[in-house]
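The values are calculated or read from the model by the stated rules, or taken from the named source; none is laboratory data. On a predicted model such as this, the values are computed, not experimentally measured, just so you know. Cβ coordinates were reconstructed from backbone atoms using ideal geometry, including for glycine residues, and neighbour counts include every protein chain displayed.
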Amino acid sequence: MNLKEAGRINQYQMDRNQFIGLILMFALLAVYFTWFAPAPPTPEETVNQKEPAADRTASSRAADVRTKAVEPSDSLIAVENFIKYGAFAFAVEDQEETQKIENEDLIITFSSRGGRIKEVVLKNHRDYTGNPFKLVDASKSQINVIMDHQGKKINLNDLNYSFIKNKAGDTTQVIYTLSNGSFSIRHIYNISKKGFQIGFKTQSDNLNSVLNPTAITYQWNHALNRAERTLEDSRRNANVRYYLANDEYDELPETSDDFEEETLGSQIHWVSFKQKFFSAAIISEKPFNSGYINQKVDFSDSSSIKYMSMNLAIPYSDFVSGLDMKYYFGTNKYNILKEVAPEFEENLDIGWGPLPVVNKFLIIPIFNFLQGFMSNYGLIIVVIVIIIRLILSPLTYKSHMSMAKMRAMKPELDELKEKHGKDMQKMQQEQMNLYRQVGINPLSGCIPVLLQMPILFSLFFFFPNAVELRGESFLWAHDLSTYDSILNLPFEIPFYGDHVSLFTLLMTLSTIATIWSNGQVSASMQGPMKTLQYIMPIMMLFFLNNYASGLTFYYFISNMVTFGQTVLFRKLIDEDKIHQALQENKKKNAGKKKSKFQQRLEDAMKANQEAQRNKKRKK
């Protein structure tokens, strides 16, 4: 037997002897209080000791004779605490003390129980009822730190820490200490004058003497308070997100209402509880070893969006040597999030694929620049429309030129239609030949429109998720971050809702007017495509009725500017000159060979015609 094994045996014998001694002590105390402790005084004896009978009123005598419960002995409680908490029993107290610390953006309530953050209020934001918004609610959120002591799980939230507050320049330092003289744990919080980040460090002395060298469990159970008017939309935009040490970002399904969970085997840098406009997160310089996260919806609780939880494993050596972490309790604003931690801006939904690039490097810089000069967000949206339309004006002009060429060829197209009206495939083939002869590329009008689509789609994500628009009113819209309602319906229309959004209605009407006035309707669109152009705006009326009024207002103003550009370009473009130039091209290209692309296109059309003929013959 080596020395290490002998030491383990001796340690086991000591632990067993201590345990047997505690059981015997507890049994003796129980026997003493059951059979040998002096009986408590009777109510009459107690009354006689307090005051003379002659001075007592009838009501006071009646009160004095009430039976009083016998409180547990302090010695018995001490034994129970020692059995449960071991060396940490000295810090078990019933009384909890709280401290409130404020900066320009937050009101943080700290608790002596566990030396933890208990509640966080965002000073400059309110919920849908108009009350100060509690991002972390003491009744719905709890942070636990669980350690292994003598085979027992000790939750630091059961222990009371001593409190000290220091001031160093613009930073307030809050220190919670748990110490019995032989070992200590310190939680140190640093709160800046403004901002949403709270520095969090741990320090310890001689913990090896009382703790088993196993991972420390960091647990955060959190119910997201409802902040927005539309509960369904809030739930669709809330989930748990995380970033791993191998530079991999991921999240639980955002739109799911089911119970979702995931075990994280890799090291973790940060985990956040994200909702539409706000996030609460823990970020660690030294990554957590592993973790478990989950989320669910409780449909019986309309005051909460989702219930979320994280269980993270802190390496024992990191905890003992000291952790360097921070909390984030704040808004999902890109310029703020990107400074918090790597990939932390993923807590803001600004699209997928190339759309985030457009938002990050075009839309957001323009928006932030205008904020420095203007305070009315409705006017900011108008100016953004004008700037974007100016940027896209070369593409828009090229598209209008293509449509003008097609309008100029309308007489020739009408002749072809009269000649081959019953044979649509032959008509299309002859139309392609005509376009080739005069030098018109049918795709030249579509390509500029397609190049504009990333900007239009990026705005579809930017405006509904821009926290800057939250609570900002413009005209009849009380909040540009949600729908504007001019009429609440006594019933709900399927796929539409129970209200009428005026900006969405104006957007739809202006889109239809723009399509109607566009020369593309009569020149290039044929058959069912004409009808489809009008169906799409109607569909958007249903789809966008519940969306942010800032978005539908942008689309409405954009349609009006587009309508103005169409009128301007028509005045600037001389279609007679264009027709003359196309006829000259027709003469020049009379003997010109077809390009490989045109040849392949015609071959495909011929093959399609042959297939249709064979199909008719079989019938």
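Quick notes
- Only one entry in ASN246, ASN294 is closer than 30 Å to THR214 by Cα, among the polar types (S, T, N, Q) and part of a loop (DSSP other than H, G, I, E, B), namely ASN246.
- Enumeration of residues in region 313-324 that are of a type in the set (Gly, Ala, Ser) and in a loop (DSSP other than H, G, I, E, B): GLY322
- Filtered residues of region 501-539 (kept if of a type in the set (Ser, Thr, Tyr) and either touching a helix residue (DSSP H, G or I) at 6+ places or on another chain (Cβ under 6 Å) or at pLDDT below 80 (or both)): THR504, THR508, SER510, THR511, THR514, SER517, SER522, SER524, THR531, TYR534
- If you go through region 169-195 and keep only what is buried (at least 17 other Cβ atoms within 10 Å of the Cβ) and under 18 Å from LEU156 (Cα atoms), you end up with VAL174, ILE175, TYR176, LEU178, PHE183, ILE185, ARG186, HIS187, ILE188, TYR189.
- Conditions (1) surrounded by 22 or more Cβ atoms within 10 Å (Cβ to Cβ); (2) in contact with a Gly (Cβ under 6 Å, 6 or more places away or on another chain); number of the one not met by LEU264: (1)
- In region 189-216, the residues that are among the β-branched types (Val, Ile, Thr), modelled with pLDDT under 95 and closer than 27 Å to TRP270 by Cβ: THR202, THR214, ILE216
- Those residues of region 284-308 which are within 15 Å of the chain's Cα centre (by Cα) and either farther than 30 Å from SER234 by Cα or of a type in the set (Ser, Thr, Tyr) (or both), in sequence order: SER304, TYR307
- Among the residues of region 207-244, the ones that are under 30 Å from GLY497 (Cβ atoms) and touching a Pro at 6+ places or on another chain (Cβ under 9 Å) come to 3 in all.
- Filter pass, VAL210 being crowded, with 21+ Cβ neighbours inside 10 Å and in contact with a strand residue (DSSP E or B) (Cβ under 9 Å, 6 or more places away or on another chain): no
- Check on ASN166, surrounded by fewer than 17 Cβ atoms within 10 Å (Cβ to Cβ) and touching a Phe, Trp or Tyr at 6+ places or on another chain (Cβ under 6 Å): no
- Any hit, region 258-269, residues being under 14 Å from the mean Cα position of the chain (by Cα) and either modelled with pLDDT of 95 or more or farther than 27 Å from LEU106 by Cα (or both): no
- Whenever a residue of region 210-236 is within 27 Å of HIS125 (Cβ to Cβ), its partners that are of a type in the set (Asp, Glu) and surrounded by fewer than 18 Cβ atoms within 10 Å (Cβ to Cβ), lying with C-beta atoms within less than 6 angstrom and at least six residues away or across chains, give the pairs ALA227/ASP127.
- If you check ASP498, ASP484 for being among the charged types (D, E, K, R), in contact with a Leu (Cβ under 7 Å, 6 or more places away or on another chain) and under 18 Å from TYR554 (Cβ atoms), only one passes: ASP484.
- Flag if ASN160 is surrounded by fewer than 16 Cβ atoms within 10 Å (Cβ to Cβ) and either modelled with pLDDT under 95 or aromatic (Phe, Trp, Tyr) (or both): no
- Scanning region 384-400 for residues that are crowded, with 17+ Cβ neighbours inside 10 Å and either outside any helix (DSSP H, G or I) or hydrophobic (A, V, I, L, M, F, W, C) (or both) gives ILE384, VAL385, ILE388, LEU392.
- For region 331-345, the count of residues that are at pLDDT 90 or above, part of a helix (DSSP H, G or I), of a type in the set (Asp, Glu) and assigned by TED's automatic domain parsing to the domain that holds GLU104 is nonzero.
- Considering (1) touching a residue at least 60 places away in the same chain (Cβ under 8 Å); (2) in the same structural domain as GLU468 (by TED's automatic domain parsing); (3) under 26 Å from TYR327 (Cα atoms), the lone condition that GLY378 does not fulfil carries the number (3).
- Test result for SER284, among the hydroxyl-bearing types (Ser, Thr, Tyr), surrounded by fewer than 24 Cβ atoms within 10 Å (Cβ to Cβ) and either in contact (Cβ under 8 Å) with a residue 40 or more places away in the chain or in contact with a Gly (Cβ under 7 Å, 6 or more places away or on another chain) (or both): yes
- In the set (1) free of Cβ contacts under 8 Å to residues at least 40 places away in the same chain; (2) outside any loop (DSSP other than H, G, I, E, B), the condition left unmet by MET310 is number (1).
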